1. Can you find a residue in segment A:494-504 that is assigned to a strand (DSSP E or B), surrounded by 20 or more Cβ atoms within 10 Å (Cβ to Cβ) and within 14 Å of chain B (Cβ to nearest Cβ)?
2. When you scan segment B:393-473 for strands (runs of 3 or more DSSP E) that lie fully inside it, which ones turn up with 1 or more residues that are of a type in the set (Asp, Glu), over 29 Å from B:Glu136 (Cβ atoms) and out of contact with any Phe, Trp or Tyr (no Cβ under 6 Å at 6 or more places or on another chain)?
3. Take segment A:43-65 and flag every residue that is open to solvent by less than 40 Å² (accessible area, probe 1.4 Å) and of a type in the set (Lys, Arg).
4. I'd like to check something: does segment A:8-22 contain any residue that is among the charged types (D, E, K, R), touching a residue at least 40 places away in the same chain (Cβ under 8 Å), open to solvent by less than 30 Å² (accessible area, probe 1.4 Å) and in contact with a Lys or Arg (Cβ under 7 Å, 6 or more places away or on another chain)?
5. Is one or more of the residues making up segment A:224-231 hydrophobic (A, V, I, L, M, F, W, C), out of contact with any Ser or Thr (no Cβ under 8 Å at 6 or more places or on another chain), free of Cβ contacts under 8 Å to residues at least 60 places away in the same chain and in the same structural domain as A:Leu403 (by TED's automatic domain parsing)?
6. Among the residues of segment B:539-553, is there at least one that is in contact (Cβ under 8 Å) with a residue 60 or more places away in the chain, within 30 Å of B:Asp489 (Cα to Cα) and within 14 Å of chain A (Cβ to nearest Cβ)?
7. What are the residues in segment A:103-130 that are in a helix (DSSP H, G or I) and in contact with an Asp or Glu (Cβ under 8 Å, 6 or more places away or on another chain), if any?
2 protein chains.
Amino acid sequence: MRSLPLSQIRLTDPFWTNWQKTLVDSTLPAIYKQLEETHRLSNFRRAAGLEEGGFEGKFWFDDSDVYKYLEAAAYGLAIKKSPVVRKQVDDTISLVLAAQQPDGYLNTFFQLKHPDLKYRNLHTMHEMYCGGHFIEAAVAFAESLGEKKLLVGAIKYADHLLNTFGPEKRRGYCGHEEIELALIRLSDVTKQAKYRELAHWMIEARGHSPSPYIEELADQESHALSPWARGMLLQQERYTGEYFQDHAPIREHDKIVGHAVRAMYLYIAAADLAADAADEKLDTALETIWTNLVSRRMYVTGGIGPSSKNEGFTEDFDLPNLSAYAETCAACGLVFWGQAMLQATANAEYADVMERALYNGALAGISLTGDKFFYDNPLESRGTHDRTPWFGCACCPPNIARLIGSLGKYVAGVNDSAFYLHIPVGLDVTTRLGGVNTKIEVKSNYPWSGEIEITVSPEKPTDFELLVRIPDWADDVSTDLVNSEDEADYESGYVRFARRWKAGDVVKVDFGIQPRWVESDPRVRDNLGRIALTYGPLIYAAEEHDLGFAPQLLSVDPELEVEVTESDILGGIKLLATEAISEREDFVEGLYAEVGTTGVRENDAKFIPYYAWNNRGPNSMQVWVRKG
Amino acid sequence: MRSLPLSQIRLTDPFWTNWQKTLVDSTLPAIYKQLEETHRLSNFRRAAGLEEGGFEGKFWFDDSDVYKYLEAAAYGLAIKKSPVVRKQVDDTISLVLAAQQPDGYLNTFFQLKHPDLKYRNLHTMHEMYCGGHFIEAAVAFAESLGEKKLLVGAIKYADHLLNTFGPEKRRGYCGHEEIELALIRLSDVTKQAKYRELAHWMIEARGHSPSPYIEELADQESHALSPWARGMLLQQERYTGEYFQDHAPIREHDKIVGHAVRAMYLYIAAADLAADAADEKLDTALETIWTNLVSRRMYVTGGIGPSSKNEGFTEDFDLPNLSAYAETCAACGLVFWGQAMLQATANAEYADVMERALYNGALAGISLTGDKFFYDNPLESRGTHDRTPWFGCACCPPNIARLIGSLGKYVAGVNDSAFYLHIPVGLDVTTRLGGVNTKIEVKSNYPWSGEIEITVSPEKPTDFELLVRIPDWADDVSTDLVNSEDEADYESGYVRFARRWKAGDVVKVDFGIQPRWVESDPRVRDNLGRIALTYGPLIYAAEEHDLGFAPQLLSVDPELEVEVTESDILGGIKLLATEAISEREDFVEGLYAEVGTTGVRENDAKFIPYYAWNNRGPNSMQVWVRKG
């Protein structure tokens, strides 16, 4: 199964068309402004010799934000014309290409600051990570807009890598995975196997002892590069490599460890390696890691990586809410990895997780106005969290931007004889099915409504399968193939219609969305005695703004009715409400007193979608409310 | 009011006599062994020229552990003879005095490693902190055992300080407060005002802008001293000084901030400054800081300083249980500061807090065997916490040791016409009251029983007041003056008998100890919906060892009867038990599922005193259990 090229698919439901409009009108110009103000673009000008000055900025991987912006912009411009964005993008592309060295190398930090120390410290310096995002941007322009200017540079960059690393050359791979998946994309667009081969070799090389990073430590000169360069390794008494997924050869990985974003990017590429040839051991390893992640280490929002210490994973069932790191980039990465696993297996369980991360953990990373961002996404706030226009390490803003822009790649999939609707958003697609050009139109107001209508229009009657995913949360699904007696069956979490289609055939599906209280595995100690409210794919949260008091004070009875109201707040949401009890805060006895000192009162508890929280100023918020 | 010299008071109840026996037989030899093995004693030998070699050890304040050991040993030897401890102490004292420079300076780190950088970095290097503990050890030997050998050295050290710092000399004070309170003790024992004057001047000098620490930053040479030396200041965008209580002049302090142990030690000395002369502003400041601490920033165990980041304070009501830092030293410090405030005011509220910290937050810092220690004291564990014989930064073991050894100084107080029993432990005292030598004998089995009997035996009939504190948790107290019609009255939390006493007069008090569930101010978000079980001064905890499952799974109904049983486990405790519900852990639905998926079962929930937890191996523990 493959995703649909963005040139063939258009999202049409109000929810996502609004987010994609915001992307082009607000997010992309806002990010460009930050790239300029924080000297990220100046660094390219300076490396190109167009401006005087050295490298400016806190991080040696600042270039990557420029590339991710370009990638998001390529998607945005395919969705909606914008002279402003177009101009900014063209300027940026020119700068990037002007800065690239004749030999293909490109990294403004090294070119401006340490031209003699290139590729001397792979574990910390993120050179290939930046290069991977350069390639992804180039591929996006080629695929979404048919523009190949950047691709020429990216190929030159990749060829330089091929001349530097590989089985006959140097054993080396980047401390932050990304180049692997990028080289695979480059291979797809150029039809050149050599890039995929280098990517696969890097994945295979990783995790064998001794790690090349240990040798790098001996390179005293390279310690000048970054204050972290040595510390990253030395902070551990012995090198375990888990932080970089460098702890074991890939087929021996048996749980999700280390830095969350790095892990996601590695396993996206590894899924491609597994698909390359029958590789049962790698298939099993990936399934095992995935299962560990989603059944023991994932927040209900699809956020992953609970700890700020390693921006990553800790122990099974360790999912604290207030201190949840759950980086926006990691949730985006989970959508990306989920897609890779889904395309390899056609198993809807992967799409369940993609949907969870997309509508909750990832989307919470961006404000409704499109110009403010969360880096970490806690499931509880006591009023101190607030989205901000930018970060010193600014990986998240362009990452959520590129996910929103490229969403058409994730919601559906095709092969020659089947169309899969993974996430029931509204969309228009024209693609070849059963050898015939076929238009598929999904009318949807998801996630606010679970009723969708799919109209299938092949140019002439033809046989293919139409598969619609039944979400894991849906327990009252009805399907109707209008004016037909044909029966659907079920396959790996999809309802399947296998038949001869003619123009104008209509399928109706109702996922029966109702408010639904969920609980956690009791081994998640932080959620014991707590429940979370959901509505279709959306996780809901209680926010002080709606309650007039901190949601931590709430106790709710899941047996009581939850009222669903259309609301025009927060861009138009469904507001959920139920009766609740809350503690009064007029405790007067000092910190501790006889049980029963605290008074309680009855309230109406209101809940909003988690992704929409903190759009009315900082205030207290809670996903997992007490059951009482 | 003053405390009783340890030579005049002896503790007699089973609880504390056992702890004091353990101190001498186990704790002191165990600490000595560690001091030797970790090269702390070698450093003194080397500084004295008795052994070859440089400074060895992780921390530049390692000397302080040797002094605190000596202080604890002085108390221990006054309680119980021990040839082993005596020999080790004598050897240690000889080493310390041999290492001291002829000019009085003493610090083995500087003498061995940086002889030219003495007093060049006061904010980080703890020279005066070490010196303060040297002085405290010397005072302890003089007061408890009448031995003045160490005192001669301490006076030389203090005189060297007097020649270096002061109003006419250099403006400087230690980044870690301690020297101030030590100089005050030295003044008391030597009757020399000049030491107290220097201490008071240092308290007054602190917190005025610009801080001398800012100037120290300009001293590039001193940066060689410690990797933290600059970082400690530079990690904040601007210098606030809160970490060192250097943020404002002392009379302007209005809440408790920064490093918890430092704060305690400063305010102990500040209470002396306030007592020195009528100083309403300082009195008010100290009361305000204290009230902020005990009504907004103190755990129910008397643990203080919730955060490991600054080993100190954060925000009001921020009291997380699992990650509670609540350093053992800070709880000891709270007992010490409480006493200083209590002696200034005779208000039992200070003793309430001392008792809370003593029996819970401080005592949990040491194993029942006396040779393993906690640095941080969480109120919840998921099985990863475990006491250990020693720490790289080993401040806590000798601190809890010196508190146990000197407990007679904290449980009672006198002035010429009154005897105060602050904490109703068993004790024998002979002191002068109403001008007459009087023996006071308290028979007690506290905290296991709330019934005590006080026998008063003046050499001849005399008038004085006998005051017994009514603990804040006691709501059913009865008192009986045997064979007398005299009535007691109440004064600032004490029941007072003011009369003419004759030999053999007996007062009986029953504090009516019953199991009691307490709750927190609802602004402590982490404790919402949770309750803690107490028994007299003891906070109880549920431990996996007694339950067979993690206590986080428990829900208890405070309306149900709590059964109290005598038990011989854990050194002989009262075991509390009640019926409870707990979640089953056979959840099979993946991480999240429809509410009601988790099954429950009925259990007997058993609770042990918090101080006694983790004495049967690491396992899950919880103080604040769910109310359900």
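The values are calculated or read from the model by the stated rules, or taken from the named source; none is laboratory data. These figures come from a predicted structure and were not determined experimentally. Cβ sites come from the backbone with ideal geometry, for glycine too, and all protein chains shown count toward neighbours. These accessible areas exclude ligands, DNA and RNA; they are computed on the full protein's heavy atoms, side chains included. Shrake-Rupley method; radii C 1.70, N 1.55, O 1.52, S 1.80 Å.
1. Looking through segment A:494-504, none of the residues is assigned to a strand (DSSP E or B), surrounded by 20 or more Cβ atoms within 10 Å (Cβ to Cβ) and within 14 Å of chain B (Cβ to nearest Cβ).
2. The qualifying strands (runs of 3 or more DSSP E) are B:436-444, B:451-458, B:462-469.
3. Residue satisfying the conditions is A:Arg46 alone.
4. no
5. Within segment A:224-231, not a single residue is hydrophobic (A, V, I, L, M, F, W, C), out of contact with any Ser or Thr (no Cβ under 8 Å at 6 or more places or on another chain), free of Cβ contacts under 8 Å to residues at least 60 places away in the same chain and in the same structural domain as A:Leu403 (by TED's automatic domain parsing).
6. For segment B:539-553, residues in contact (Cβ under 8 Å) with a residue 60 or more places away in the chain, within 30 Å of B:Asp489 (Cα to Cα) and within 14 Å of chain A (Cβ to nearest Cβ): present.
7. Our first condition is that a residue be in a helix (DSSP H, G or I); within segment A:103-130, this holds for A:108-113, A:122-125, A:127-130.
Of everything in segment A:103-130, those that are in a helix (DSSP H, G or I) and in contact with an Asp or Glu (Cβ under 8 Å, 6 or more places away or on another chain) turn out to be A:Thr108, A:Phe109, A:Phe110, A:Leu122, A:His123, A:Met128, A:Tyr129, A:Cys130.
Matching residues to (1) surrounded by fewer than 18 Cβ atoms within 10 Å (Cβ to Cβ); (2) within 20 Å of the chain's Cα centre (by Cα):
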| position | (1), (2) |
| --- | --- |
| A:Arg382 | no, no |
| A:Ile400 | no, yes |
| A:Leu407 | no, yes |
| A:Tyr420 | no, no |
| A:Thr430 | yes, no |
| A:Leu433 | no, no |
| A:Val442 | no, no |
| A:Pro447 | no, yes |
